[in-house]
Amino acid sequence: MAALQLPEDLRVRVREALAHGRLLAFTGAGISAESGVPTFRGPEGLWKNRRPEDLATPEAFRRDPEAVWEWYSWRRERVTRCRPNEAHLALARWALAGGLRVVTQNVDGLHDRALGLIREESGGLDGREEAPGESTARPPLPWEPGASLEDPVRLHGSLFRTRCTGCNVEEAYPYDEEEAGSPPPACPRCGALLRPAVVWFGEALRPSDIERSLEWASEAAVTLSIGTSALVFPASQVPLTTLAHGGTVIEINPTETPLSGRADFRLGAPAATAVPALLGSHPNPLPRLDRP
Ligand code: BV8
Ligand code: ZN
């Protein structure tokens, strides 16, 4: 693909925002498309010939927990075989350099895996002193004490965490190939069914997540809306909040969306090309200005 021709003032605005740590990356399923993860509403957007809206609901789980669990297990297996692409990696490098923050609608964990790869690449030196014995194998989640600003806010949860339908305990649930075809597991504490710790249609998002995301969006000098059809509420309010506070919104998506007419700039290109081209895939030594 020919190198992206970017308007000079777009480049300047993005560099300025990165230098002040005032860039927000808002991502949807399209950022993971080039990693092989199917999107929700694209032509290949059917997950195993099932519509997400039919299965990603509490009613579907109540009606047929085995079918819903099996669908999520299939997705976990599929995503585990995918790798973060150049868009995830460029965002992770800039997040670790303090240039940007990430808010994602995705549940595929590829932003977290990209952070893990970059932390490894830089020998774990990501500005956080490791307490003796502290494991950085799984970075703490934003709503957990000790979470760091470079961890993404996961508005819709994670395929790799479960929540108990009885005692509500949420915990990490790494993919295990033994699970294929097995029914939803029972909670080791209370015996009730475990469910995926994702936000289903008709369920409320975690208040602290949406509040933090809209606060960051209101402070952002530039918000990139990457790989999202901008249809799902309330996540879709993130770029609109930046616009309402006088910030710049840049949409990165090969096809137009309901946001396209409101965005200040549109890059009609795939994320794995456009994101490194726009940000630079490696943070060059920027003057680290304090965050506002
Ligand atoms: C809530 C987790 C209230 C589960 C997900 C009518 C009108 C408006 C709103 C509603 C309505 N009816 C109901 C609602 C509310 C509803 C909603 O918004 N529905 C939509 C469908 C209209 N929202 C909710 O229900 C939310 N909750 O409102 O609660 C409430 C309050 C108090 C108390 C109780 C309740 C909860 C929504 C969360 C749903 N969960 N995921 C799971 O994954 O299984 S959402 C799901 O969609 C995924 O998370 C996905 O990320 C998300 C958004 O989709 P996108 O990421 O944008 O993906 P999509 O496929 O649509 O688009 C991909 C884009 O990428 C495309 O544009 C494509 O062109 C582009 N692309 C492709 N390749 C590339 C690319 N871009 C760049 N590079 C590429 N290479
Ligand atoms: Zn339980």
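The values are calculated or read from the model by the stated rules, or taken from the named source; none is laboratory data. None of these values were measured; they are calculated from a predicted model. Cβ: placed from backbone, ideal geometry, glycine included. Neighbour counts: every protein chain shown. When the accessible area is computed, the model is the full protein with side chains, heavy atoms only, and any ligands, DNA or RNA have been set aside. Shrake-Rupley method; radii C 1.70, N 1.55, O 1.52, S 1.80 Å.
Amide H contacts for Ala197 (H built 1.01 Å from N in the peptide plane; partners 5 or more residues away or on another chain; cut-off under 5 Å): Ser158, Arg161, Thr162, Arg163.
Just to check, using Stokes-Einstein with a Kirkwood Rh over alpha carbon pairs, what's the diffusion coefficient of the stretch 74-128 at 37 °C and 0.692 mPa s in µm²/s?
Working: Rh = 11.8 Å.
The diffusion coefficient I find is 279 µm²/s.
Starting from the coordinates of the alpha-carbon atoms of the stretch 187-292, obtain the Kirkwood hydrodynamic radius over all distinct pairs and give the value in Å to one decimal.
Evaluated on the stretch 187-292, it is 16.1 Å.
What FRET efficiency would be calculated for the residue pair Arg189, Gln237, taking the C-beta separation as r and a Förster radius of 35 Å, to the nearest 0.05? Could you put the intermediate results ahead of the total?
Values: r = 36 Å, r/R0 = 1.03.
Result of the calculation: an efficiency of 0.45.
For His20, His245, His88, write out the residues from largest to smallest accessible area, computed with a 1.4 angstrom probe and no ligands counted.
Values: His20 65, His245 115, His88 0 Å².
Heavy-atom accessible area, descending, gives His245, His20, His88.
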